[in-house]
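Notes follow once the structure below has been shown.
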Amino acid sequence: MTRPVALAIFLLTLSAIGHGADPMPVAEFIDAAGVRESGPPVRERPGWDPAPTIVVRGAQWLTDGLDQEFPGARVIVVDSMDDALRHVANADVLVGFCDDSLVGAAPQLVWVQVYWAGVERCLASESINSGEVLLTNMQKMSSPTIGEHAIAMMLSLTRGLTGFAKMMPDGAWRRSYAGESGVYSFSPRSNPAVSSSTWGAAVPW
């Protein structure tokens, strides 16, 4: 495995673990996340430093010992925008931020990795919008969680749980409410648009 690929896996794993996912073996992670080498590799991007400075948002406990895994990399953990601004001037990689003020303050920035899926606001940065700075997100990492949450919300509505929840403070339990609220069953067959969506496909039905 090349160092750039290993570094990419580190960044993606850091993002996933930082949001509560259980750690998994690297090979299993690569297969589950669909991580693939793409061309041209990051090491061939203009300005790439083989010993990069990486500014990471709020993950000190995850970055301990990385100097041994990536002896050429300098990892700086920050916990706020102000803290990041103090270190970003020399950053090659920025993890957890995509704010235009930070990107603009990092003249040698090559790569931005964010912890979330939607990156529309990141495009406010001209260097990201133009492709000068590589932007990667967490769409595939978030799909199972988003899917599970959406399905849980749909089931709570189809089972009338919101109505039952409102009765609980009064100690009421009206079995007839299920019929009154129009409770019905939900399945992938009854809503193929959900089961075939990106996040729906990531959930085991």
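Suppose the filter is out of contact with any helix residue (DSSP H, G or I) (no Cβ under 8 Å at 6 or more places or on another chain) and over 22 Å from residue 34 (Cβ atoms); does residue 89 pass it?
Numbers: out of contact with any helix residue (DSSP H, G or I) (no Cβ under 8 Å at 6 or more places or on another chain): yes; over 22 Å from residue 34 (Cβ atoms): yes.
It is true that residue 89 is out of contact with any helix residue (DSSP H, G or I) (no Cβ under 8 Å at 6 or more places or on another chain) and over 22 Å from residue 34 (Cβ atoms).
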* Structure fact -> When residue 51 is run through (1) free of Cβ contacts under 8 Å to residues at least 24 places away in the same chain; (2) within 17 Å of residue 110 (Cβ to Cβ); (3) surrounded by 13 or more Cβ atoms within 10 Å (Cβ to Cβ), the failure sits at (3)
* Show the residue pairs that are 6+ apart or on different chains and have beta-carbon atoms under 7 Å apart, the first residue being within the stretch 140-169 and of a type in the set (A, V, I, L, M), the second being open to solvent by less than 30 Å² (accessible area, probe 1.4 Å) and not in a helix (DSSP H, G or I). => 151/203
* List every residue pair whose Cβ atoms sit under 6 Å apart, with the two residues 6 or more apart in sequence or on different chains, where the first one lies in the stretch 79-106 and is within 17 Å of residue 126 (Cβ to Cβ) and open to solvent by 30 Å² or more (accessible area, probe 1.4 Å) and the second, anywhere, is assigned to a loop (DSSP other than H, G, I, E, B) and at pLDDT 95 or above. => 100/125
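The values are calculated or read from the model by the stated rules, or taken from the named source; none is laboratory data. Please read these numbers as outputs of a predicted model, since none were measured by experiment. All Cβ positions, even for glycine, are placed from backbone atoms using ideal geometry, and neighbour counts span all protein chains on display. Accessible surface areas use protein heavy atoms only, side chains included; no ligands, DNA or RNA. Shrake-Rupley method; radii C 1.70, N 1.55, O 1.52, S 1.80 Å.
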